[in-house]
Amino acid sequence: MDLGIAGRRAIVCAASKGLGKACALALAQEGVHVTITARSRDLLEATAEDIRKATGVTVTTAVGDIATEEGRAAALAACPEPDILVNNAGGPPPGDFREWEREHWIRAVEANMLAPIFLIKATVDGMIARKFGRIVNVTSGAVKAPISNLGLSNGARAGLTGFVAGLSRQTVRHNVTINNLLPGPFETDRLRTTMEGAAKANNRSVDDEMAARRATNPSGRFGDPAEFGAMCAFLCSAQSGFMTGQNVLLDGGAYPGTL
Ligand code: NAP
């Protein structure tokens, strides 16, 4: 299927590796010119070159922390009028809420709730005026089924989800949709890091922990980031204009509910 977005412009945040990179690559494969962001320059530039070589689209980079005003300003300077915005950032660390102070909560809320909200604020009116916009927020399966040691993530992402539920019903009339894409376990560096604590607690290696987790997923495996990117590209497509305010879970069937 031709997604009908060739020649469009996208900002994809936190995209030097992992799920953000997969989203940027999938959009670029559809002919979308992408601006990708991350904090570390070297990997970001290498990823940009990979995407250019693989697709031939224009890839620009914006180095910075997307949780800060400066980081967001750099992304918007590189792509002032995006048609597509993919919000993403690193996830907060796991732990026990008794150990988290105000600054831990502020960091999580800034990265996983306020950064997407301020980028939406900066771009959504232009999308409305141009009568096309697709916004995808990378959140987490933890929004549907909170994960006990990821309280910072559960809390901050729930705030974003509530905000999007309201705004997405106001923008869709103008062909601007806002949806959330919820990863379950995908084979990325972040997943490996989150397994380290569990491996320690279960007194086994990270590789053994990961093998055990793969086996318990109904699919018998972790997700491939390319599968995540493909769904992101569809949510950004011309065809997805009737779909807004949704929380789309990609987890290999791990969530057991019907809704
Ligand atoms: P990853 O493989 O660790 O990649 C994270 C990417 O984001 C890197 O490019 C990193 O580059 C960039 N980044 C992190 N913090 C940033 C910031 N503040 N500003 C700009 N760029 C930033 O992680 P991932 O697995 O793709 O995860 C992406 C998101 O999905 C996270 O929020 C994670 O919690 C969530 N998630 C992932 C899974 C999973 O199984 N993978 C499951 C549920 C939820 P720099 O370090 O250079 O900035």
- Task: Identify all lysines with a Cα-Cα distance to Lys121 below 22 Å; exclude those on the same chain that are fewer than 8 residues away in sequence.
- Result: Lys131
- Query: Under the Kirkwood approximation applied to all pairs of distinct alpha-carbon atoms, what is the hydrodynamic radius of region 119-259 in Å?
  - Reply: 16.5
- Taking Cβ-Cβ under 4.7 Å as the only way to count a partner, pick out the unpartnered cysteines of the chain. Cys13, Cys79, Cys236
- Task: At a temperature of 25 °C and a viscosity of 0.890 mPa s, determine how fast the chain diffuses translationally according to Stokes-Einstein, using the Kirkwood radius over alpha-carbon pairs as Rh; express D in µm²/s, rounded to the nearest whole number.
- Result: 133
- Task: Using every pair of alpha-carbon atoms in region 124-199, split the distances into 5 Å bins beginning at 0 and state the percent of pairs per bin, rounded to integers.
- Result: 3, 14, 20, 19, 14, 11, 9, 6, 2, 1, 0
- Taking Cα atoms only, helix 189-201 is inclined relative to the longest principal axis of the chain by an angle, in degrees rounded to 10, of 10
- Note on the structure: Reduced to Cα centres, the span from region 139-209 to region 211-233 in Å works out to 14
- What is the Cα coordinate range of region 1-86 on the first, second and third principal axes, sorted by size from largest, in whole angstrom? 37, 24, 19
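What percent does the relative contact order of the chain come to when contacts are Cα pairs within less than 8 Å and at least six residues apart?
21
Each value in this text was obtained by applying a stated rule to the coordinates, not by laboratory testing. What you are looking at is a predicted structure, and each value in this text was computed from that prediction instead of being measured. Glycine gets a Cβ as well: all are built from the backbone with ideal geometry, and neighbour counts include every protein chain shown.
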